[in-house]
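First comes the structure, then the notes that go with it.
Throughout, read-outs are computed from the coordinates displayed, never taken from laboratory work. Predicted, not measured: the structure shown is a model, and the values here were computed from it. Glycine gets a Cβ as well: all are built from the backbone with ideal geometry, and neighbour counts include every protein chain shown.
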Amino acid sequence: MGSFKDITDSLTLSPQAVLRVTDKFTEALSNRPADYGLKLLDSTFGRPTGNERGEVLVVDFGGTNLRLLLVDLKGHRAYEVLNQRVINLRQNRTGLDLTSDSAQADQMFGYIAAEIEDFIGIDRDYRLGHSFSFPARHLNRNSAILLEWTKEIRTKSVVGQDVNLLLQQALQRRGMANIQTKAIINDAVGTLLAGAYQNLEADVGSICGTGHNSCFVDEEGRLINTESGNFFDEVLPVTKFDRQLDDSSLHPRAQRLEKMVAGAYLGELYRLILLDLAENTDSFDQSIRLAKVFPARNSIDSADISALLQDRTFTADGKEYGLSTSDFQIVEEIARLLVVRSAQLIAATYLGIINHIDRDHQRRHIITIDGSLYEKMPYFAKTIQDTLHVIYPAHHHLIQLRFSKDASGIGAAVAAAMAK
Ligand code: BGC
């Protein structure tokens, strides 16, 4: 039987443990990346000039939520988001969960096309840039084949298909020849494109949100998608809770790093730990009551963790629960440790990427980051910064972290403008 201390110890990473991950990630990038789950996919895009212009319609397909944006690229590194709309693919007008395996590709893309029609209203010509947040292999700038779904999406007959072709065909079925898909990019690549549109030194892009992934500019100037969320090696400090979560996930053994760090999974990890503490230890004053709070899978999400750390309210499934002071301290400590561990592991991969692209640490680097964890989760951004400092005290000043809101979508607009 584990104790509270055993659990907190297993979630706490020493600087040496972080450095081991950094070193292994560095090695994986240059030596047999596939053995470690990395994909190093060529995005077929290089850096933008910052002078790309024009109004672009963007589909930002992040996961269950998809966003449509109208972006005006003004040149001179400036842009404006003119309009945007969020679409939920799970709960929608069709009554069918379009992310489940009861849905087919044409239903999913047909729905997206209908929403696009409603969003743009008037019948004018648009170039479309697609930020697609899943691993895909590019055939060219406007076509990429989905390799596999991640983030618990299961829609049928999309894996193995050219995603922009599916979208273009769905638009054609609605008679919308005025919209032409021009580019498809991964969201991490989009984030880097948006960062590089604004700043010459941006050379790493990353998503810390529902999912996690990073990309970088290689020595030939190409933007390479690492699919770092799928990284796995024995150096990862996997706990029994990580294993439990992986075993019960829709895609076991896939996305092992992502399952330890990303917003889609932190809530479930947290639930598994609290349940174990309530059922198998005498840590809580009110363990019977607490065990009843979390009976169902995914009854707590990363927004609950955020609320706990920020507003000191303990919520699950939309309900708030009052806790004794000592019980609150326990749930708070576990939440903080999970968030800190996530940020430390992500920082380790950032350092691995910097080691790979600039072995002697001679240049400045800007890591452009988008995603709700980085934007909103208490402790997260600061821990990444602190970890860079602890691991590379002499060089950390060369690395700047920059949050860029909507960057994946802005980057898709930049990509469409680059593709012409
Ligand atoms: C996907 C990546 C994506 C990341 C962030 C992961 O699940 O595999 O392609 O960039 O999520 O959205």
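Please report the orientation-averaged projected area of the range 362-420, defined via the convex hull of its C-alpha atoms, in nm².
Dividing the Cα hull surface by four gives the mean projection, 5.1 nm².
Give a residue-ordered list of calculated ³J(HN,Hα) values for the range 396-403 (Karplus: 6.51 cos²θ - 1.76 cosθ + 1.60, θ = phi - 60°; whole Hz; x for Gly, Pro).
With the stated coefficients, the range 396-403 comes to 4, 5, 7, 10, 10, 9, 10, 6 Hz.
With a/c under 1.5 counting as rounded, go ahead and sort the range 13-157 into rounded, prolate or oblate using the C-alpha gyration tensor (a ≥ b ≥ c being the square roots of the eigenvalues; past the cut-off, prolate if a/b is larger than b/c, else oblate).
Oblate.
Normalized C-alpha radius of gyration of the range 150-309, against 2.2 N^0.38 Å?
After normalising by residue count via 2.2 N^0.38 Å, the value is 1.34.
In the chain, if the dipole is taken from +1 on Lys/Arg beta carbons and -1 on Asp/Glu beta carbons about the Cα centre, which of Val58, Ser306, Phe132 is farthest to the positive end?
Looking along the dipole axis, the top candidate is Val58.
Rounded, prolate or oblate: which one fits the range 271-326, using the alpha carbon gyration tensor with axes a ≥ b ≥ c (rounded when a/c is under 1.5, else prolate when a/b beats b/c, else oblate)?
Details: a/c = 1.86, a/b = 1.29, b/c = 1.44.
In terms of gyration-tensor shape, oblate.
Quote the FRET efficiency, to the nearest 0.05, computed for Ser102 versus Asp360 with a Förster distance R0 of 51 Å and r equal to the Cβ-Cβ distance.
Efficiency at R0 = 51 Å is approximately 0.45.
Project the alpha carbons of the range 114-161 onto their principal axes and report the range along each, largest first, in whole Å.
Principal axes ranked by extent give 35, 25, 16 Å for the Cα atoms.
Calculated from DSSP H runs of 4 or more alone, at -39500 (n - 2.57) each and per residue, what is the 222 nm mean residue ellipticity of the chain, nearest 500?
Value at 222 nm, helices only: -13000 deg cm²/dmol.
Considering amide H positions built from the backbone, and no H for Pro or chain starts, which residues 5 or more places from Asn213, or on another chain, come under 5 Å of its amide H?
Ile207
In debye, nearest 20, what is the charge dipole magnitude of the chain about its Cα centre with +1 on Lys and Arg Cβ and -1 on Asp and Glu Cβ, if you could check?
On the way: 45 positive and 54 negative charges, 156 e Å.
Dipole size: approximately 740 debye.
What size of dipole, in debye to the nearest 20, comes out for the range 65-153 about its Cα centre when the only charges are +1 on Lys and Arg C-beta atoms and -1 on Asp and Glu C-beta atoms?
The dipole of the range 65-153 has a size of about 420 debye.
Treating each Cα of the range 200-243 as an identical point scatterer and ignoring solvent, apply the Debye formula and state log10 I(q)/I(0) at q = 0.17, 0.22, 0.26, 0.31 Å⁻¹.
The calculated log intensity ratios at q = 0.17, 0.22, 0.26, 0.31 Å⁻¹ are -0.62, -0.84, -0.98, -1.10.
Specify which residue in the list Leu257, Asn83, Ala316 is farthest towards the positive end of the charge dipole of the chain, using unit charges on the beta carbon of Lys, Arg (+1) and Asp, Glu (-1), about the Cα centre.
Going by the Cα projections, it comes out as Asn83.
Ranked highest first by the average count of other Cβ atoms within 10 Å around their residues, in what order do 305-317, 379-391, 204-216 fall?
204-216, 379-391, 305-317
How much of the DSSP bridge set in the range 18-128 is antiparallel, in percent, rounded to the nearest 5?
Values: 19 of 21 bridges.
Percent antiparallel among DSSP bridges in the range 18-128 is about 90.
Sequence-distant or interchain residues sharing an amide H contact under 5 Å with Asp406, placed H: which?
HN-HN under 5 Å from Asp406: Gly371.
What fraction of the Cα pairs in the chain, stated in percent, has a spacing above 36 angstrom?
Across the chain, Cα pairs with separations above 36 Å total 26 percent.
Kindly rank 90-99, 342-351 from highest to lowest mean number of other beta carbons found within 10 Å of each residue.
The peptides rank, most packed first, as 342-351, 90-99.
Where both residues lie in the chain, what percent of DSSP beta bridges are antiparallel, nearest 5?
Numbers: 37 of 60 bridges.
Taking every DSSP beta bridge within the chain, about 60 percent pair in antiparallel fashion.
What angle, in degrees between 0 and 90 and rounded to the nearest 10, separates the Cα long axis of helix 105-120 from the longest principal axis of the Cα atoms of the chain?
Tilt relative to the chain: about 70 degrees.
Ranking request for peptides 196-202, 369-375: highest mean number of other beta-carbon atoms within 10 Å first, then the rest in descending order.
Numbers: 196-202: 20.0, 369-375: 23.6.
The packing order, highest mean first, is 369-375, 196-202.
Using only Cα atoms, find the angle between the long axis of helix 302-311 and the longest principal axis of the chain, and express it within 0 to 90 degrees, rounded to the nearest 10.
Value to nearest ten degrees: 60.
May I ask for the distance between the Cα centers of the range 305-381 and the range 248-268, given as a whole number of Å?
When both Cα centres are located, 15 Å separates them.
For the range 288-420, what does the alpha-carbon gyration tensor say about shape, rounded, prolate or oblate, given a ≥ b ≥ c as the root eigenvalues, a/c under 1.5 as rounded, and a/b over b/c as prolate? Each step should come with its number before you reach the end.
On the way: a/c = 3.24, a/b = 1.72, b/c = 1.89.
It comes out oblate by the Cα gyration axes.
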